[in-house]
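Asker: Below is one structure. I have some questions about it.
Any read-out appearing in this document is the output of simple, stated calculations on the displayed coordinates, not a laboratory observation. In this text the structure is predicted, and so the values were computed from the model without any measurement. Cβ: placed from backbone, ideal geometry, glycine included. Neighbour counts: every protein chain shown.
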Amino acid sequence: MIKGLLFDLDGVIVDTAKYHFLAWKSLCDQLGFKFDLADNELLKGVSRIRSFNIILELNNQKMSEEEVEKYCTLKNELYLKYINNLTEDEILPGVREFMADARKRNYGIALGSASKNSRLILDKLHLTDMFDVIIDGNKVSNAKPDPEVFTKGAEELGLKAEECVVFEDSVAGIVAAHNGNMKAIGVTNPEVTDYCDYYIKSFLNLNIDVLMRKVEGE
Ligand code: B16
Ligand code: MG
């Protein structure tokens, strides 16, 4: 029986991918690198450092660890300019209502995000209180598709992996859930339909009992 819900952040709760794109694009323009929306798709669910390494690979470039760190810091400064203006209006449709309903029904709720900015983002969205547990890029050493972010979430909720289900918009995140023996519900991104156990377009008007019955295959 499912007792815990593990939520990815970017692409599930809020569309911050567009701000990641603008920040990476601005950095790439400064460096004379190519970077477009198709490239940005490869960075969804991927850690900041890995993201920059993918950009370097796409541009046939190599940099020292120090330089990588320097440019990742710069990218984050550019990204935070957008995040500082984030408001509750940007919560994806139906998310707050779905989470409030899940809390009423005593599901454990955890965040499982690669982002190191997740606390700030949840605060800006006034959603921090919805979570029993927050696991993010500051708390894990292995990035998705490693399951660490979700196995830690389940552990801190006091639940077994098979008692949890993951909501994810990225292939890396769905593979991470499966690597941790958890079912994965694909959200918002049709590109993940072939990978997830069940797909929802959005949380709008989503009935949690019906969804859980489908996921548990009853
Ligand atoms: P930050 P998620 C991920 O968040 C994003 O999808 C990914 O594009 C980003 O590079 C990563 O967080 C790290 O974010 O630079 O804020 O630490 O989808 O796992 O919630
Ligand atoms: Mg995501």
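Asker: Taking Cα centroids, how far is segment 185-202 from segment 144-160 in Å?
Answerer: So the separation of the two Cα centres works out to 20 Å.
Asker: Give, in whole angstrom and from largest to smallest, the semi-axes √(5λ) of the equivalent ellipsoid of segment 47-132, with λ running over the eigenvalues of the Cα gyration tensor.
Answerer: Numbers: eigenvalues 223, 41, 23 Å².
The answer is 33, 14, 11 Å, longest axis first.
Asker: Which whole-number value in Å³ per residue fits the convex hull of the alpha carbons of the chain? Intermediate values should be presented prior to the final figure.
Answerer: On the way: hull volume 24.2 nm³, N = 218.
Dividing the Cα hull volume of the chain by its residue count gives 111 Å³.
Asker: Using a simple spin-label model with points 7 Å from Cα along the Cα→Cβ vector, what separation in nm is obtained for ASN207 and THR87?
Answerer: 3.4 nm
Asker: Can I ask one more? Plugging the Kirkwood radius over Cα pairs into Stokes-Einstein for segment 1-66, at a temperature of 10 °C and a viscosity of 1.306 mPa s, what D comes out in µm²/s? Write out the running numbers ahead of the final one.
Answerer: Values: Rh = 13.3 Å.
Value of D from the Cα-based Kirkwood radius: 120 µm²/s.
Asker: If the elastic network links every pair of Cα atoms under 10 Å, which of PHE150, PHE167, PHE33 fluctuates the most in the Gaussian network model of the chain?
Answerer: Result: PHE33 has the largest fluctuation of those listed.
Asker: Report the antiparallel proportion of the DSSP beta bridges in the chain as a percent, rounded to a multiple of 5.
Answerer: Values: 1 of 20 bridges.
The antiparallel fraction comes to roughly 5 percent.
Asker: So which lysines pass the test for LYS201, namely a Cα distance under 28 Å, with those fewer than 8 places away in the same chain ruled out?
Answerer: Within the straight-line limit of under 28 Å, LYS201 reaches these lysines: LYS3, LYS18, LYS25, LYS44, LYS104, LYS116, LYS124, LYS144, LYS152, LYS160, LYS183, LYS214.
Asker: Which percent of Cα pairs goes in each bin when the distances of segment 97-215 are cut into 10 angstrom slices starting at zero?
Answerer: With a bin width of 10 Å, the distribution comes to 14, 46, 38, 2.
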